[in-house]
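Structure first, then comments.
The values are calculated or read from the model by the stated rules, or taken from the named source; none is laboratory data. Quick caveat, the model's predicted, so the values are computed rather than measured. All Cβ positions, glycine included, derive from the backbone under ideal geometry; neighbour counts span all protein chains shown. To get the accessible areas, we keep the full protein, side chains included, count just its heavy atoms, and leave off ligands, DNA and RNA. Shrake-Rupley method; radii C 1.70, N 1.55, O 1.52, S 1.80 Å.
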Amino acid sequence: MSSSSLNRVDSQKLLRLEQLLDRQEILDCLLRFSRGMDRFDRELFLSAFHSDAIIAAGEFVGGPKEIYTWASQLHEQGQSATNHYLLNHSCDIDGDTAHTETYYLFVGRNRDESNWMAGGRYIDRLERRDQGWKIVLRTNAIEWSGMLPTMELPFAEVADIALNGVPSRNLDDPSYQRPLTNRRKLQIPKH
């Protein structure tokens with residue numbers, strides 16, 4: 001193989017690697033939004049958006065700081081727990097602009113102990129600026145919604161279940177523990 005052929009192959013590999021790294025940074029950005037909302041971590045949530053971003057979600061249309069305040073109050077009043085799951089994801093990158101479509105599943109444990117689910121798609125335009133890839137425009141396409149029957153949480157009767165931490169909607173959540181450690185005694189249940 002000639003050196004020009006090798007250079008062309010190396011350039012193609014480098015371009016593919018750069019595209020893969022961009023896609024991963026974009027996905028990480030979208031995950032920061034979801035985790036930030038579920039844990040009420042304002043700083044993490046805001047890190048997913050450029051400061052001049054516009055978000056259209058339900059009746060809300062505005063900026064990142066305003067939607068965090070609006071949505072966190074809405075979730076705090078309505079739910080005792082929320083999970084924003086990100087599913088199918090497509091990403092088209094053109095230079096420093098990317099357009100994504102990310103399917104989501106929202107599940108919330110309501111304050112009245114009912115469970116609410118909704119599904120749809122986040123349709124985003126992101127830009128790479130000095131701070132990296134962040135959302136500049138988001139529209140939320142809600143496609144369905146429904147209620148689930150309430151059931152007891154599994155393993156609630158296990159005496160030491162909370163020793164490794166309990167789920168919380170703040171920085172006390174076990175996912176923020178560094179280093180993550182086990183405080184429960186070793187035990188293997190019998191069938």
Place a label point 7 angstrom from the Cα of A141 along the Cα-to-Cβ direction, then list the residues of segment 83-104 whose backbone nitrogen is under 15 Å away.
87-92, 99-104
Point-charge dipole on Cβ atoms (K/R +1, D/E -1) for segment 54-175, about Cα centre, debye to 20
280
Output wanted: per-residue J couplings in Hz (rounded whole) for segment 8-16, from phi through Karplus 6.51 cos²θ - 1.76 cosθ + 1.60, θ = phi - 60°, x for Gly and Pro.
5, 5, 4, 5, 5, 5, 5, 4, 5
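In the neighborhood of G95, defined by Cβ-to-Cβ distances under 13 Å, what is the net charge if each Lys or Arg adds +1 and each Asp or Glu adds -1?
-3
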In 10 Å bins starting at 0, how do the alpha-carbon pair distances of the chain split up by percent?
8, 28, 29, 19, 11, 4, 1, 0
Enumerate the calculated ³J(HN,Hα) couplings along segment 142-151 in order (Karplus 6.51 cos²θ - 1.76 cosθ + 1.60, θ = phi - 60°), each rounded to whole Hz, writing x wherever the residue is Gly or Pro.
7, 10, 6, 7, x, 9, 10, x, 8, 9
To the nearest 0.05, the calculated FRET efficiency linking D28 and E113 through their beta-carbon distance, R0 being 41 Å, is 0.75
Identify all lysines with a Cα-Cα distance to K65 below 17 Å; exclude those on the same chain that are fewer than 8 residues away in sequence.
K134
Compare E143, E59, E127 by solvent-accessible area with a 1.4 Å probe and give them largest first, with all protein chains kept in place.
E59, E143, E127
Using the crude model of +1 on Lys and Arg Cβ and -1 on Asp and Glu Cβ, and no other charge, please compute the dipole size for segment 1-96 relative to its Cα centre, in debye to 20.
300
Inter-part gap, Cα centre of segment 52-67 to Cα centre of segment 125-191, in whole angstrom, is 24
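Return the FRET efficiency for the residue pair K13, T181: r is the Cβ-Cβ distance, R0 is 35 Å, and the value is rounded to the nearest 0.05.
Given R0 = 35 Å and the Cβ-Cβ separation, E is 0.30.
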